[in-house]
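Undergrad: Quick one: this structure, given as structure tokens, is what I'll be asking you about.
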Amino acid sequence: MEKGQVWVETVLYTLLGIALIGIVLAIATPKINQSRDRILVEQTIESLSIWDNRIGELLDNVPGNVRNIPAFTMKRGELMINSTDDMITFLVDGLSSPYSEVGVPIQEGNIKLISYGTEGSYYVRLTLDYQNVSNLTYGGADGSKKFTAASTPYAFTLKNLGGGQYPQIDIQETSRR
């Protein structure tokens, strides 16, 4: 009788331990994902601040000046250079919770941030708007260019081409992929 009781207790304690681990994981996993998403958005804000600083340096200098962004890493999301509207936008999707109040714009320096989505599927759009400040071009022409997440970092070169009322800043991808 005692040998059977030992095995029953062992099985019960093991099941109880596994159940407790499952409960802890069920509670902790959403919080971990929420923290991971928040860190991702904050890193994206820092990355776009680098873009804004480089463009600001070019606007403060004479035509012909060049600035580089040697390693622009994107693990998630997409970067859009819309030279028609003179905007740089970064979209971070697949968030488990909104970064900020949905639909309410937030200004972080020159970066405008807006959260969108519904329960379980949120995304954040971060925008640098250079309309009435600079004429952005990509490869010397107006248009749009999209960059998606990649395992290797992108590299960009920004050049002040001068111009009329609003200096032309030309953006080129210089990555060796």
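Undergrad: Do we find a residue being of a type in the set (S, T, N, Q) and touching a helix residue (DSSP H, G or I) at 6+ places or on another chain (Cβ under 9 Å) anywhere in the stretch 54-67?
TA: Step one: of the stretch 54-67, the residues of a type in the set (S, T, N, Q) are 61, 65.
Those left that are additionally touching a helix residue (DSSP H, G or I) at 6+ places or on another chain (Cβ under 9 Å): 65.
Scanning the stretch 54-67 turns up at least one residue that is of a type in the set (S, T, N, Q) and touching a helix residue (DSSP H, G or I) at 6+ places or on another chain (Cβ under 9 Å).
Undergrad: Please work out if Y130 is over 19 Å from I39 (Cβ atoms), in contact with a helix residue (DSSP H, G or I) (Cβ under 8 Å, 6 or more places away or on another chain) and of a type in the set (F, W, Y).
TA: Numbers: over 19 Å from I39 (Cβ atoms): yes; in contact with a helix residue (DSSP H, G or I) (Cβ under 8 Å, 6 or more places away or on another chain): yes; of a type in the set (F, W, Y): yes.
Yes.
Undergrad: Could you check the stretch 84-111 and list, in sequence order, the residues that are more than 23 Å from S35 (Cβ to Cβ) and in contact with a Lys or Arg (Cβ under 9 Å, 6 or more places away or on another chain)?
TA: Result: T89, P105.
Undergrad: Testing K75 on (1) surrounded by 15 or more Cβ atoms within 10 Å (Cβ to Cβ); (2) modelled with pLDDT under 95, one condition comes back false. Which one is that?
TA: (1)
Undergrad: Yes or no: L128 part of a strand (DSSP E or B), under 26 Å from D60 (Cβ atoms) and within 16 Å of the chain's Cα centre (by Cα)? Walk me through it before giving the result.
TA: On the way: part of a strand (DSSP E or B): yes; under 26 Å from D60 (Cβ atoms): yes; within 16 Å of the chain's Cα centre (by Cα): yes.
Taking the combined requirement at face value, the residue satisfies it.
Undergrad: While we're here: Out of R67, R76, R38, which single residue is assigned to a helix (DSSP H, G or I) and not polar (S, T, N, Q)?
TA: Values: R67 fails: assigned to a helix (DSSP H, G or I); R76 fails: assigned to a helix (DSSP H, G or I).
Answer to the check: R38.
Undergrad: Taking the stretch 79-93, which residues are assigned to a strand (DSSP E or B), in contact (Cβ under 8 Å) with a residue 60 or more places away in the chain and surrounded by fewer than 18 Cβ atoms within 10 Å (Cβ to Cβ)?
TA: Restricting attention to the stretch 79-93, the residues satisfying the condition of being assigned to a strand (DSSP E or B) are 79-82, 87-93.
Next cut, in contact (Cβ under 8 Å) with a residue 60 or more places away in the chain only: 79-82.
The one that is assigned to a strand (DSSP E or B), in contact (Cβ under 8 Å) with a residue 60 or more places away in the chain and surrounded by fewer than 18 Cβ atoms within 10 Å (Cβ to Cβ): M80.
Undergrad: Turning to a different aspect of this structure: Give the number of residues within the stretch 131-166 that are in a loop (DSSP other than H, G, I, E, B), on the phi < 0 side of the Ramachandran plot, loosely packed, with under 15 Cβ neighbours inside 10 Å and of a type in the set (G, A, S).
TA: From the stretch 131-166, those in a loop (DSSP other than H, G, I, E, B) are 131-134, 139-140, 142-143, 149-153, 163-166; that's our starting set.
From the residues that got through so far, the ones that are on the phi < 0 side of the Ramachandran plot too are 131, 133-134, 142, 149-153, 164-166.
Then keep just the ones that are loosely packed, with under 15 Cβ neighbours inside 10 Å; that gives 131, 142, 149-153, 164-165.
Checking which are of a type in the set (G, A, S) leaves us with 149-151, 164.
Residues in the stretch 131-166 being in a loop (DSSP other than H, G, I, E, B), on the phi < 0 side of the Ramachandran plot, loosely packed, with under 15 Cβ neighbours inside 10 Å and of a type in the set (G, A, S): 4 in total.
The values are calculated or read from the model by the stated rules, or taken from the named source; none is laboratory data. No experiment lies behind these values; they were computed from the predicted model shown. Heads up, the Cβs are rebuilt from the backbone with ideal geometry, glycines too, and the neighbour counts pull from every protein chain shown.
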